[in-house]
Amino acid sequence: MQQKLTEWSPNFEVLEISNAYATASIALTGAQVLQFQPLDQQPVLWLSESAHFNPEKSTRGGIPICWPWFGAHPDNAGLPSHGFVRGKAWQLDSVEDSENGTVVVLSTKDNDATQKLWPHSFTLELRIIIASTLNIELTTTNTGTTPLILTEALHSYFHVSDATNITVYGLENTRYFDKISKEFSNQTNSLKPTGLMDLVYMDTTADVIIEDPQWQRKIRISKSGSQTTVVWNPWKDKAQAMADFANDGYQTMICVESANALDNKVNVQPNESHQLITQISLESN
Ligand code: BG6
C-alpha cells in the first residue's frame, strides 16, 4: 500500500491511498471519503467537478457523514443541515494493511463547540476498509450519562454513466417519505430517475443495486445498523442553484444513503455503542 497526506487546498488535508485493489482518498475534514476507484473501473463515487475543498465544510460528493441529525434539525432551523461532524476536523488514528485491505481509522469527539450545538458527550469512529469493495463503519459511543437519540447517514454519492439510464433495485414494496411533496407513499416498482427526487425509504435493511447498463456494472450497497435508505438527485434546477454543483453534474450521479432518519431514530445508552455500516461493491452486468 502507498499512502500520502496532501493539501488539496489550504488546510484541507486528504489521505490518498493506493493498494493492489483500488485507489481512494479521504478528507480529514468530516472523515469524508472523496474517491474510491477499484483498479480498471470507472470511479464508484461521484465527486463534483465544482467541489469546494473547504476545511470547515462538507465537500460535494464522496461520502459525507450526516450526524447527529439527518437533514434539518428537528426543532431549530438555525442549526447546520445534516449535523455538525461533516465540517469538523477529524483525527487520523491509523492506516494499516490487513488481509482484508487497507484499514483507515479516524475519530472525533465532543468539545465545547459541539456541546453548544448538541449538549451530549460522545466519541465517533470511522473505520474504512479499502479493497475491491469499500467498507465503512461509523461507531457512535455514548460517553455521557444520558441516552443519545440521533439520526444519521452515510450520504454516499455514486457515479453513474447517465442518471436517466439507470435502474435502482431493492426498494420495491417499501414505504417512503417524499421530501418534495411531503407525502408518504409506497414504492411499487424499481426506481428509474426522471427528475428531482428526495425520497426517504423507511424500515428497510435491504441491499440496493444501481444497475448501469452503459458501464456494464451494478453497484451493490449493503448495510447494517441502518433502517432507512435515502435516494436523492437534485436534478437540473436545484443543481444549478448550488455553487458546488456543475450544471450538468446531476446527470452522472445518484445518492443512495444508508441512514437512520425520521422515525428510524437510534437510541444509544450511556457506555454503549451503535454501528452504522455500509459496504459498496461492484458486480458486472
Ligand atoms: C439529502 C437530503 O440527503 O441531502 C436532501 O435528503 C438534501 O434534502 C441533500 O438537499 C443535500 O444536502 P446538503 O446539505 O449537502 O446540500
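Values quoted throughout were computed directly from the atomic coordinates according to the rules given, and no laboratory measurement underlies them. This is a predicted model, so every value here is computed, not measured. Methodologically, a virtual Cβ is constructed for each residue, glycine included, from the backbone with ideal geometry; neighbour enumeration extends over all protein chains shown.
A simple rule links phi to the HN-Hα coupling: the Karplus curve 6.51 cos²θ - 1.76 cosθ + 1.60 with θ = phi - 60°, which for segment 153-165 gives 7, 9, 7, 7, 9, 9, 9, 10, 5, 6, 4, 7, 10 Hz, with x for Gly and Pro.
Here the Karplus relation 6.51 cos²θ - 1.76 cosθ + 1.60, evaluated at θ = phi - 60°, turns the backbone of segment 18-23 into coupling constants of 9, 9, 5, 10, 6, 10 Hz, with x for every Gly and Pro. The mean sequence distance of close C-alpha pairs (under 8 Å, at least 6 residues apart), as a share of the length of segment 199-285, puts its relative contact order at 38 percent. Taking amide H as placed 1.01 Å from N in the peptide plane, Leu47 has its amide H under 5 Å from the amide H of Gly62, each at least 5 places away in sequence or on another chain. Note on the chain: semi-axes of the ellipsoid equivalent to its C-alpha gyration tensor, largest first and rounded to whole Å, are 26, 24, 19. In order along segment 218-232, the Karplus-derived 3J(HN,Hα) couplings, from 6.51 cos²θ - 1.76 cosθ + 1.60 at θ = phi - 60°, round to 10, 9, 9, 10, 9, 8, 8, x, 9, 10, 10, 10, 10, 10, 9 Hz, and Gly and Pro are given as x. Here the Debye sum runs over all C-alpha atoms of segment 50-92 as equal scatterers in vacuum, and log10 of I(q)/I(0) at q = 0.14, 0.20, 0.22, 0.32 Å⁻¹ comes out as -0.33, -0.65, -0.76, -1.17. Just need log10 I(q)/I(0) for segment 1-67 at q = 0.14 Å⁻¹, Debye formula, equal scatterers on the alpha-carbon atoms, no solvent, rounded to two decimals. For segment 1-67 at q = 0.14 Å⁻¹, log10 I(q)/I(0) is -0.39. Put simply, segment 34-190 fits an ellipsoid with semi-axes of 27, 24, 16 Å; these come from the alpha carbon gyration tensor as the roots of five times its eigenvalues, largest first.
Cα-based values for segment 147-285, radius of gyration first and Dmax second, are 15.4, 49 Å. Modelled spin labels at Leu196 and Ala246, positioned 7 Å past Cα toward Cβ, are 2.3 nm from each other.
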